[in-house]
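Let me begin by presenting the structure, written as structure tokens, before commenting on it.
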Amino acid sequence: MNQDVVIVGGGIVGCAIADRLARAGVAVCLVERDVLGGAATAASMGHLVVLDDDPAELTLSSYSCALWRELAPLLPDNADYRTTGTLWIARDAAEMAEAERKRTRLAAAGVNGELLTAQQLAACEPALAPNLAGGLRVAADAVVYPPVVAAWLARRAVAAGARLRCGVAVSAIGDGEVVLDDGSRLRARHIVVANGCSVPELLSGAPVRRRKGHLLITTRLQPQVRHQLVELGYVQSAHGEASESVAFNVQPRPTGQLLLGSTREFDAPAGSVTPRLIARLVERAVEFLPGLAGRTALRAWTGFRPTTPDHRPLIGPWPLRAGVWLAGGHEGLGVTTALGTAELLAAQLLDLPLPFDAAPYAPGRFTSAVASHVH
Amino acid sequence: MSTDVRLRVDGVEVVVPAGCSVAAALRLAGHVSTRRALDGGGRGACCGMGVCFECRVRINGVERLGCLARVADGMEIVCDA
Amino acid sequence: MRELSTEILVVGAGPAGIAAAVSAERAGARALLVDMQAEPGGQIWRGQWNNATDRAARRWLTALRGSPVATRYGLRLVDFAAPGLAVFDGADGPLRVRCERLIVAAGARERLLPFPGWTLPGVFGAGGLQVLVKNGWPVAGQRIVVAGSGPLLLAAAATLRKAGAQVLCIAEQTGAADLARFAAGLAPHPGKWLQAAALRGRLAGVAYRCNAWVERAEGTERLESVRLRAGRSVERIACDALAVGFGLVPNTEIAQLLGCELRDGAVVVDVHQHSSVAGIYCAGEICGIGGVDQALAQGEVAGRAAAGSGERPRALRRDCARSARFAQTLRRHFALRDELRELATADTVLCRCENVRYADAAACRSQRDARLQTRLGMGHCQARICGAAGEFLFGWTAATPRPPLAPAPLTCFTEPTSDPEPPAQESA
Ligand SMILES: Cc1cc2nc3c(=O)[nH]c(=O)nc-3n(C[C@H](O)[C@H](O)[C@H](O)COP(=O)(O)OP(=O)(O)OC[C@H]3O[C@@H](n4cnc5c(N)ncnc54)[C@H](O)[C@@H]3O)c2cc1C
Ligand SMILES: Cc1cc2nc3c(=O)[nH]c(=O)nc-3n(C[C@H](O)[C@H](O)[C@H](O)COP(=O)(O)OP(=O)(O)OC[C@H]3O[C@@H](n4cnc5c(N)ncnc54)[C@H](O)[C@@H]3O)c2cc1C
Ligand code: FES
């Protein structure tokens, strides 16, 4: 069977692209080897947050968050979209200075942030520890339940004419076709590879590594916090090259549960939960939210973030094979940036005006490294 | 051996035989449902062996399973129903 | 955080765990026996610790009393902080136990299946109501329907009747022919015959109906009546309680978390009850449903083997073989009928914890898909109930367990700051 585009991978990124292209009238087939949103997307916290450590990240995430706000009224109830805002927490004067710089950078991208003194922080979130220096409140950030959104986007794509193949994997990419593991082939003019951490299985040499994360969720209870709470030191944890790091990151779920993050580990092959890291994660969270100690843990799990050497995603044409496109490597921000990714990729693929400069995300930026790996 | 135990259920004093489970004590005290489900429906003990978690109540401020816990003098039990 | 250390940790103080711990001590090892219940005895010997009426119970509970085995009750195994370092949750906070070898004897739970009204207060597992009664739950004078499948229904009904309940009927979903074959299959197991006959004796006058099952439980705030189907006829029976269970499911979660291999829903063990993971032994119902004799025999083998006493005495080998044959008979003759898959309506709750409707779950591709899209199995019981139901209803394989094995205070998961307590034996 022929289509214009085959999309490999039904995570949030692949589903967003399928939805975007199908609604533009493109004949799309989305291939997911397991269940929709079942990999990194299922493991994720679903924090929709503007990050600004790198100008390209700021552009993509602020653009994407605006798209999320447009989408929100259409989402089903069980997508659990809530505008919780983000509260970036400073422990000392140095971090408070960082909060100010962050506010300035966000403002330049049109994102409003409000600096909070220690007193204001305490009034805003009384459950926080008393000894904190203050914070930055970004009111427009939100949270969502990613696997439900992924499946919803895929259904919307199907309603717009897309085909969906679940339970079958793409085993290889050929010229103008993909080979499925049931032996059949799908022909297409364009192939979009959006299979998360598995990108290198199909595109040899693609610079995507797995970075493991742990999360833990509590049982339901009266809400203790209203915002997603993140320590300002988070950025160091997220983008540092340390082989293992833990940062305070807590999200109030609409269910009354608290979702506790997060750890980052390179080169941890197994998906199993490491008790030592859960201990560090809980201890870190209790430092910021002393009242947490009395809460009940319901479940812990892990997931793998697909990362690239410069922590920017790969969105655009794959330089080593015509007709192949890449949308992956979104690391710890891929739920947020899935919508912007779909816009940017669709614009390139359909030759529409770009929403912003595509160069910082171009997979070709690693081509020399890739080529030397391949040959 | 079989003396009585005094405890409080939702603030009301109750006397039950020693050695019985908290779940049994609640039933003896007339509580049929001891928890509200997400749809508001009443729920009570079901599996009797610590598996279904329907019998959970707060005992002295901590969430525990009524079918596994034994009554003790002075216990404070709070139901969510 | 409190911490203990022992040579052999036995989790579960039912017949298998008791036999394992006592046998390990007899073979010269130090054992610590832990259970989440307030007393030893497991499911079958509930309430017998201070008042054993059953001969085997008296024998083993007396042996446990007289043995140097260290014991801790009211503690639930929730996680492993490291291999050989178990974390328990109890009313007094967490306890860590360091051990060299582990014997898991976590028993089985009942399979509960959804039908309209099954969440009403007053609807229990069959063994569920039985064990509640053994711990003081009042049933005197109440009208009770016992339903579902398997020999446990008889045992449950007998307990209820002894406690003063009026057992209105026992509805067994299996057909008469299969039951007759099961009874005939009991011939090589004289002990079981006696047990079954004695149970029937105690149930004289109670209607026992084959090919019969409860279709619906009715009531507003609590159970008021059930609709019982027998063949083509449906009868409404007013009652105060319904005790309904569809056989037993091994509690394999602990073994799974440790990476032990499973087959057909039970842990795979060798002749020494050793699992596929070094140093981890399993005994009793978790290795496959087989009744108390099998649990005791396997417990003895596991205890001796974990203590380093490898050879199995002839009598023990014989017990093991005989009880394994009984287990087979049991499995063969109580297969669940297809009609039970049709009881739940679209609106029937399937996941009791997260209130997921049957129709919403049924629309999913797999248990995992249902988890992600509907929250099925995401609540307190962690799919112990709806997972076993989904296995029967949809042929889904249950998700692999994630820590913690049961909801537990966050303090169970932080690193201890205090010094370890002395070995279990000294402080016991
Ligand atoms: C612990 C953790 C917390 C996170 N928190 C956040 C957060 O708060 N906010 C945020 O924005 N991001 C967060 N992320 C990051 C985010 O989850 C990921 O960036 C995002 O989900 C990536 O989406 P994806 O579609 O690229 O990959 P995936 O979700 O992994 O999807 C890839 C899909 O491809 C399928 N697939 C793979 N190979 C094949 C094949 N050969 N054929 C067919 N199908 C295939 C897989 O089955 C999978 O479904 C977090 C990640 C982790 C691990
Ligand atoms: C509700 C019920 C009632 C039954 N009644 C009868 C009966 O009347 N007659 C009959 O012949 N058979 C009965 N059976 C079958 C009976 O359970 C078995 O024949 C036999 O008792 C199995 O012994 P066991 O030691 O393997 O398991 P069990 O007796 O089930 O013992 C397992 C023990 O492990 C403990 N445990 C499990 N998980 C943990 C954990 N994480 N941490 C700490 N402790 C844990 C449990 O509390 C339990 O005490 C019943 C079964 C059930 C489920
Ligand atoms: S009755 Fe099921 S856990 Fe207590």
For the stretch C:112-246, just say rounded, prolate or oblate: build the C-alpha gyration tensor, square-root its eigenvalues into a ≥ b ≥ c, call rounded for a/c under 1.5, and beyond that prolate if a/b exceeds b/c, oblate if not.
oblate
Please find the FRET efficiency linking A:Gln119 to A:Ala72, where r is the Cβ-Cβ separation and R0 is fixed at 22 Å, and quote it to the nearest 0.05.
0.10
Summing +1 per Lys or Arg and -1 per Asp or Glu among the other residues with Cβ less than 14 Å from A:Asp92's Cβ gives -4
How far is helix C:55-66 tilted, in degrees, relative to the longest principal axis of the Cα atoms in chain C, given as a value from 0 to 90 rounded to the nearest 10?
30 degrees
Charge context of A:Val170, other residues only, Cβ under 15 angstrom, K/R +1, D/E -1:
-1
Around C:Val271 (Cβ within 12 Å, Cβ-to-Cβ, excluding C:Val271; K/R +1, D/E -1) the net charge comes to +1
Under a point-charge model restricted to the Cβ atoms of Lys and Arg (+1) and Asp and Glu (-1), what is the dipole moment magnitude of the stretch C:344-394 relative to its Cα centre, in debye to the nearest 20?
140 debye
Between the residues C:Val131, C:Ala157, C:Phe182, the Cα farthest towards the positive end of the dipole of the stretch C:112-246, that dipole coming from +1 and -1 charges on the beta-carbon of Lys, Arg, Asp and Glu, is from C:Phe182
Looking only at the protein assembly as shown, where both bridge partners belong to it, what percent of the DSSP beta bridges are antiparallel (to the nearest 5)?
60 percent
With no other cysteine's Cβ closer than 4.7 Å, which Cys residues of chain C count as lacking a disulfide-compatible partner?
C:Cys99, C:Cys169, C:Cys210, C:Cys239, C:Cys260, C:Cys282, C:Cys287, C:Cys320, C:Cys353, C:Cys364, C:Cys381, C:Cys412
Please give, to one decimal in nm, the separation of the simple spin-label points placed at A:Glu287 and C:Val277, each 7 Å out from Cα toward the Cβ.
3.1 nm
Hey, quick one: spin label on C:Arg55, modelled 7 Å out along Cα-Cβ, who in the stretch C:285-301 has an amide N within reach, i.e. under 14 Å?
C:293
Bridge orientation stat for the stretch C:112-246 from DSSP, antiparallel percent rounded to 5, came to 40 percent
In chain C, which longest range has no trypsin sites (Lys or Arg not before Pro) that are both DSSP loop (not H, G, I, E or B) and surrounded by at most 16 other Cβ atoms within 10 Å?
C:1-221
Row for the protein assembly as shown, column shape: gyration tensor on C-alpha, a ≥ b ≥ c, rounded if a/c < 1.5 i.e. under 1.5, prolate if a/b over b/c, else oblate; value prolate
Using the 2.2 N^0.38 Å rule of thumb for compact globular proteins, work out how the stretch B:4-78 stacks up: its C-alpha Rg over that value, please.
1.00
Which is the longest stretch in chain C that no exposed loop site breaks, taking sites as GluC sites (Glu not before Pro) with a DSSP loop state and at most 13 other Cβ atoms within 10 Å?
C:1-220
Please identify which residues in the stretch C:152-170 have an amide N closer than 18 Å to a label point set 7 Å out from the Cα of C:Glu235, following the Cα→Cβ vector.
C:154, C:157, C:166-170
What does the charge dipole of chain A about its Cα centre add up to, to the nearest 20 debye, if the Cβ of each Lys and Arg holds +1 and the Cβ of each Asp and Glu holds -1?
660 debye
On a C-alpha basis, how far is the centre of the stretch A:268-318 from the centre of the stretch C:226-269 in Å? Whole number, if you could?
36 Å
Taking every DSSP bridge whose two residues both lie in chain A, the antiparallel percent to the nearest 5 is 70 percent
Per the 1/(1 + (r/R0)^6) rule, R0 = 35 Å and r from the Cβ atoms of B:Arg36 and A:Asn131, FRET efficiency to 0.05 is 0.40
Dipole of chain B, positive end: most advanced residue of B:Cys79, B:Gly41, B:Gly11 [Cβ charges, Cα centre]:
B:Gly41
Cα gyration tensor, the stretch C:344-394 - rounded (a/c under 1.5), prolate or oblate:
rounded
Helix C:152-162 vs. chain C, principal-axis angle (Cα, 0 to 90°, nearest 10):
80 degrees
Size of electric dipole in chain C: Cβ of Lys, Arg +1 and of Asp, Glu -1, about Cα centre, debye, nearest 20:
1380 debye
Given the -39500 (n - 2.57) contribution per DSSP H run of 4+ residues, what per-residue ellipticity at 222 nm results for chain A, rounded to the nearest 500 deg cm²/dmol?
-9500 deg cm²/dmol
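Just so you know, all these numbers are worked out from the coordinates, no wet-lab data involved. Bear in mind that the values here come from a model prediction, so they are computed numbers and not experimental data. Please note: Cβ atoms are built from the backbone with ideal geometry, for glycine as well, and neighbour counts cover all protein chains shown.
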